[in-house]
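Student: Supplied in structure tokens, the structure appears directly below.
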Amino acid sequence: MSKVSIIGAGNVGATAAQFIAMKEVADEVILVDVKEGFAEGKAIDTMQSLFLLGSKVAVKGYTKNYEPTKDSDIIVITSGVPRKPGMTREELVGVNSGIVKSVLAETYKYSPNAIYVIVSNPMDTMTYLSVKYLEKLGKKDAKTKVIGMGGLVDTARFLYYQSTIASQEADLVDREEADGFVIGGHGDTTMIPVATPEIYRKVAMMDAAIILDHTKRGGAILTQMLGTSAWQCAGAAISRVVEDILGNFTFAETPQSVYREEYDACIGSMVTLSREGVLDIDAGEWEKRDDFKKSLEAVKTVNKELGEI
């Protein structure tokens, strides 16, 4: 029996629970939120939909009660303040760091062996905070069992814009042909889209520049449209990470923010996940690029705002 606990039942957390349940990635999903009755309502709504979809997964919700998360295989943290139009992810450090530390302390008591998936922004910094704080709490394997989820969302946006932005003179990149990934920091100015030469040969130079720009500003574009952070793609990406951990049969590489000993930072890297957490890190040629080094320095600068952990 596999259990996934999602802390924060807002748009991202509830959507992740729905995707996990629909795909039957886990046997049980627990939602916890600070708002009275909120997680319970989201869980009931999701459970009712599962009767129509044929899923046997159990989804349960609780208010400020972490005991039901006991013995979770995976704990997903989406808690925190979402960014508003005009805000950067980095501006959320102060308020969200306190929230994340509180959640870590509560969940670690009940699931000391769990793998953590961090979604709260600024994600790379909150992932670094989680590694260091869990180690302080006594979790000796935190460096391989804390994963920051952001690169998959950025990658999905990269692939989307490849297939939707092309000049009339260029061949359109079909959805099946879209290829590449996004590493580096999960920020508007720090992410690094990496595509195959074939993709860039298919689109005009102007279109390539637009694709890169829209990918980097993908979250900000949607936040401006929606008035808050987007959630559908994030929920799907979380379900993919959970699936890679709990049912990893292909051992595919995906971009995740993980702790890098050589950098003393968490940054988007190509990794392979398993039930043991981070199974392997592929330090490819892209990490020698100047833009990766600049991205790393920018992430570490934001980390300094944490102060003493």
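The values are calculated or read from the model by the stated rules, or taken from the named source; none is laboratory data. Keep in mind it's a predicted model, so treat the numbers as computed, not measured. All Cβ positions, glycine included, derive from the backbone under ideal geometry; neighbour counts span all protein chains shown.
Student: Every residue in region 96-115 that is part of a helix (DSSP H, G or I) and not polar (S, T, N, Q), please.
Tutor: If the condition is that a residue be part of a helix (DSSP H, G or I) and not polar (S, T, N, Q), then 98, 99, 100, 101, 103, 104, 105, 106, 108, 109, 110 are the ones that fit.
Student: Could you check how many residues of region 153-173 are at pLDDT below 80 and either of a type in the set (Asp, Glu) or touching a helix residue (DSSP H, G or I) at 6+ places or on another chain (Cβ under 9 Å) (or both)?
Tutor: The total comes to 7.
Student: Please enumerate the residues belonging to region 29-64 that are closer than 19 Å to residue 108 by Cβ and either hydrophobic (A, V, I, L, M, F, W, C) or touching a strand residue (DSSP E or B) at 6+ places or on another chain (Cβ under 7 Å) (or both).
Tutor: 30, 31, 32, 33, 34, 62
Student: Being touching a Leu at 6+ places or on another chain (Cβ under 6 Å), under 16 Å from residue 16 (Cβ atoms), assigned to a helix (DSSP H, G or I) and not hydroxyl-bearing (Ser, Thr, Tyr) is the requirement here; does residue 237 meet it? Write out each step before concluding.
Tutor: On the way: touching a Leu at 6+ places or on another chain (Cβ under 6 Å): yes; under 16 Å from residue 16 (Cβ atoms): yes; assigned to a helix (DSSP H, G or I): yes; not hydroxyl-bearing (Ser, Thr, Tyr): yes.
It is true that residue 237 is touching a Leu at 6+ places or on another chain (Cβ under 6 Å), under 16 Å from residue 16 (Cβ atoms), assigned to a helix (DSSP H, G or I) and not hydroxyl-bearing (Ser, Thr, Tyr).
Student: Keeping to region 103-126, report how many residues are in contact with a His (Cβ under 9 Å, 6 or more places away or on another chain) and not acidic (Asp, Glu).
Tutor: 3
Student: Could we say that residue 124 is touching a strand residue (DSSP E or B) at 6+ places or on another chain (Cβ under 6 Å), at pLDDT 95 or above and acidic (Asp, Glu) here?
Tutor: So residue 124 fits the description; yes.
Student: Any chance region 199-207 includes a residue that's among the small types (Gly, Ala, Ser), touching a residue at least 24 places away in the same chain (Cβ under 8 Å) and closer than 27 Å to residue 231 by Cβ?
Tutor: Within region 199-207 (the criterion being among the small types (Gly, Ala, Ser), touching a residue at least 24 places away in the same chain (Cβ under 8 Å) and closer than 27 Å to residue 231 by Cβ), the answer is no, since none of the residues qualifies.
Student: Can you tell me which residues in region 218-241 are closer than 18 Å to residue 255 by Cβ and in contact with an Asp or Glu (Cβ under 8 Å, 6 or more places away or on another chain)?
Tutor: Hits for region 218-241 are 218, 219.
Student: Only one of 35, 42, 84 is at pLDDT 95 or above, within 21 Å of residue 228 (Cβ to Cβ) and assigned to a loop (DSSP other than H, G, I, E, B); which? Walk me through it before giving the result.
Tutor: Details: 42 fails: assigned to a loop (DSSP other than H, G, I, E, B); 84 fails: at pLDDT 95 or above.
When all the criteria are applied, what remains is 35.
Student: Tally time: how many residues in region 252-309 are under 28 Å from residue 239 (Cβ atoms), in a helix (DSSP H, G or I) and of a type in the set (Gly, Ala, Ser)?
Tutor: Matching residues across region 252-309 total 1.
Student: Which condition number does residue 58 fail, the rest of (1) within 26 Å of residue 259 (Cα to Cα); (2) among the hydrophobic types (A, V, I, L, M, F, W, C); (3) in contact with a helix residue (DSSP H, G or I) (Cβ under 8 Å, 6 or more places away or on another chain); (4) surrounded by fewer than 24 Cβ atoms within 10 Å (Cβ to Cβ) being met?
Tutor: The number of the failed condition is (1).
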